[in-house]
Amino acid sequence: MLDVEGIGKSPLRKEDWPLLRGEGCFVADLKRPGMVHAFVVRSPHGHARFSRIDRDAVMGAPGVIDVITAEDLPDRGRPIPTRMFHDEASNRFLQRPLADGVVRYSGEPVAVVIAGTRYLAEDAAELLAIDYEPAPVVLDPDDAVAAGHVAGHLVVENGDVQEAFAKADVVVSGEFHIQRHGAVPLETRGLLAEYDAAAERVTVWGAAKVPHVNKKILARLLGWEDGERVRLVELHVGGGFGARGEFYPEDYLIPFAAIRTGRPVCWVEDREENLRACNQSREQVHRAEIALKNDGTFLGLRDTFLNNTGAYVRTHGMTVPGLSISMLPGPYRWPAYRGEYRSVVTNKTPGGTYRSPGRFEVNFVRERLVDMAARRLGMDPIEIRRRNLIAPGDFPHDTGTLFDGHPVVYDSGEYEKLLDKSLAELDYAGLERWRNERPAAGTRRGLGVAFFVEKSAPGEREYARIELDAKGEVLVFTGTASVGQGVETVLAQVCATHLGLPYERIRVIHGDTAAIPEGMGAFGSRATMLGGAAVMKASQHLRQALLDAAAEQLEASADDLVLTDAGVAVRGAPSRAAGFGALVAASGGVIKVEDRFVCELLGFPYGVHIAAVEVDTATGSVRIHRFAVGYDIGRAINPMLVRGQIAGGVAQGVGGTLLEEFSFDPDGQPRSASFMDYLLPTAEEVPDVEMLITEDAPTPLNPLGVKGAGEGGAAGVGAAIANAVSDALGRAVTRLPLTPQRVLELASA
């Protein structure tokens, strides 16, 4: 076999060259002949009613081509459906593309102005007259429950929870608040839509995350039975992290505007729009408790929590609270567990998924409770965890919970082995010595640990097609999408390994629904586990097809043939060879194989986060002295990319733990609509991340043995830092973010 840059190596990313050379193409870079621009007029109120929109003045403004309101839409705008967790409760709270008589959050689309430039459209929009009558707002999730604004409700119970708590020696409880924050990707959302009237076909550039799913939703909203009339094309994407790629009102409005005007229509949101209207995430309130024996053995866990999904249920449906309730048990044995959630609607920006959705939140809750229990019992935080970890012989481990109707069964794990390796490799003993040293005056030191289980590979299936041309160049078509995670690189490595041709010859195509017939996209760390397995199968089949074709030409057994740079040769007799050109010509001009990989069960990577912090009791600042991550992902296709994923996730976790918060005033107005108020972490706050990547528990669910690597960097940050701050101050941390003001309140309590 040729020397290829295959699995386990770290070749340079294929995605980087066009970006480094300034040849990247994002939505704002794309131009079409006759293109015009859209500006979305948004509600200035958190809740208001209106009966009339006067657009006459706007239509007379310079450069204005059209103004679109709800009355212009078919059926006044069909509700945008969910793609998961279809239930009647959620369907009562779906969003229509444009508000029709009532607005329910500040930033809700009310109208679209189309003009020759964005500036002309934005200026003209100021002339739009809307007779708003402000109405009372509901912001607090408890108030939403009292008002009956419950979009989703679920109870999960295993074992006898009442008995577990009745016979407990110790019960530890708390009310935990996780603030609203979100992805805030570098590239804001944007779309460019063009309608071909002759073909009755619309093309939309700027798709992300789930192009094929959104294609079906768009066709449905347009009232087109033939989904092939819609083409979605993914360009370069400046970050996804869960928020980019959901189906938003604009994903319908911009194609509709292109069809209505007969002109290509472009829309790119500015940062203020992004902070007001893009999906936010994380806001949950948990009332949780654990029951234990005096020796630290866990007996039971129960939790009732509220998930604030904002004004509407968007396409993610009940994904976030569903993941929270299913993943709260984490890596521990719980003889009894009861979880209950209510997902409520309020007059805040709609919520959605964000890196490690639902798990960042419950990891904070569970791991804080475990630390609080250790403190109550006088136990070491490591020892209480070790005592309750799921043992290697207990896998596969059925947690007794469900996600999207599927059992949550941990596929494989060596939890205690990872804990031991992490403590040794990342020098936990040295950190304990550091913590016990006398710090500078006014400074306190703390050490925190969080153990978590992640999930990967929802979506059940993925598609791959591989084509080989006469020059020996390979095209890999995948139904997954690229949001910057390195999918082109990883899938090329999988193909190189199993096809046997050099990495440099392989090009990966993704995100074009006209070139790729099906696909589930990129979310939930699924691209490698499902997409990689599909590419592996297709590569093996293409390799066999090559060998079989050459065997016929060379009159030799396929088992006696090997791939070379030029084609296929007889092993030990390189002069007896068939070139790629001859093989491809004999196959009709291209050799092509397509395949699919299907797996209904999820994969479950797992990890340990260790945080060492210094807290300044005079200013409330938290300085991260060291941060370390141990993570087992089954198998690392590209170790460099895995490390990059973890480092990026930690950075986002630090932001969500110490700085970021979407807050609202009593009238529902966002207080964080610019980077003056919404604080992102910088190089000052984000530490160098020490990492230990292990492959002790490859999954049996796919032939590569891989699990997802994209979300473990963020999953445990809030829990680990909160435990470290609590350790430093001797106070129970029950609320994020740990802003200086909040830390000062804790220090003085």
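Numbers at a glance
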quantity	calculated
Phi to ³J(HN,Hα) by Karplus 6.51 cos²θ - 1.76 cosθ + 1.60 over region 571-577, Hz, x for Gly, Pro	4, x, 9, x, 6, 8, 9
Check: region 355-458 dipole with +1 on Lys, Arg Cβ and -1 on Asp, Glu Cβ, in debye	620 debye
Cβ-based charge dipole, region 557-632, positive-most Cα from CYS599, SER621, VAL562	VAL562
For HIS47, distant residues with modelled amide H under 5 Å away	ALA135
Unit charges at the beta carbon, dipole of region 410-484: most positive-side option, GLY484, GLY446, TYR463	GLY446
Heavy atoms of THR528: accessible area, 1.4 Å probe, square angstrom to 10	40 Å²
Long-range amide H partners of SER482 with built H, under 5 Å	LYS209
Contour minus Cα-Cα distance for ASP196 and ALA391 (0.36 nm per residue)	64.2 nm
For peptides 739-749, 211-221, 149-159, 308-318, sequence by mean Cβ density within 10 Å, most packed first	308-318, 211-221, 149-159, 739-749
Length released on extending from ARG92 to LYS417, taking residue separation times 0.36 nm less the Cα-Cα span	112.3 nm
Segments 715-721, 249-255, 198-204 sorted - mean Cβ within 10 Å per residue, highest first	715-721, 249-255, 198-204
About the Cα centre, charge dipole magnitude for the chain (Lys/Arg +1, Asp/Glu -1 at Cβ), debye	500 debye
For GLY238, distant residues with modelled amide H under 5 Å away	GLU187
For the chain, calculated [θ]222 nm from helices alone, where every DSSP H run of n ≥ 4 adds -39500 (n - 2.57)	-8000 deg cm²/dmol
Sites VAL145 and GLU504, calculated FRET efficiency, Cβ-Cβ separation with R0 56 Å, nearest 0.05	0.45
Rounded accessible area per residue of the chain, 1.4 Å, Å²	36 Å²
For region 432-535, size of Cβ-based charge dipole, Lys and Arg +1, Asp and Glu -1, in debye	780 debye
Residues of region 120-137 with amide N under 16 Å of a point placed 7 Å along Cα→Cβ from MET59	125, 127-130
Area of PHE241 that stays accessible when all protein chains are in place (1.4 Å probe, Å², to 10)	70 Å²
Net charge of Cβ neighbours under 13 Å - reference GLY116; Lys, Arg +1; Asp, Glu -1	-1
Paramagnetic reach from ARG32 in region 256-274 [backbone N under 15 Å; point 7 Å along Cα→Cβ]	256-268
Surface share of carbon and sulfur [accessible, 1.4 angstrom probe, percent] for region 1-69	55 percent
DSSP H segments from the chain that extend 20 Å or more along their own axis, Cα-based, with Kyte-Doolittle mean of -0.5 or above	359-377, 533-554, 639-658
Accessible-area composition of region 676-719, carbon plus sulfur, in percent [1.4 Å probe]	52 percent
Burial ranking of peptide ranges 474-480, 137-143 (average Cβ count within 10 Å, highest at the top)	474-480, 137-143
Among THR694, SER281, LEU299 - extreme Cα towards positive end, dipole of the chain, charges at beta-carbon	LEU299
ARG220 paired with ASP427, simple spin-label distance in nm, labels 7 Å along Cα-to-beta-carbon	5.5 nm
At 1.567 mPa s and 4 °C, Stokes D of region 202-261 from Kirkwood alpha-carbon radius, µm² per second	110 µm²/s
Using θ = phi - 60° and Karplus 6.51 cos²θ - 1.76 cosθ + 1.60, couplings along region 48-55 (whole Hz; Gly, Pro as x)	7, 10, 8, 10, 8, 10, 9, 10
Relative contact order of the chain, pairs being alpha-carbon contacts under 8 Å that are 6 or more residues apart, as %	17 percent
Linear extension gain, LYS9 paired with SER748, 0.36 nm per residue minus alpha-carbon span	260.9 nm
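The values are calculated or read from the model by the stated rules, or taken from the named source; none is laboratory data. Quick caveat: nothing in here was measured; it's all calculated off a predicted structure. Cβ sites come from the backbone with ideal geometry, for glycine too, and all protein chains shown count toward neighbours. In case anyone asks, the SASA skips ligands and DNA or RNA and just uses the protein heavy atoms, side chains included. Shrake-Rupley method; radii C 1.70, N 1.55, O 1.52, S 1.80 Å.
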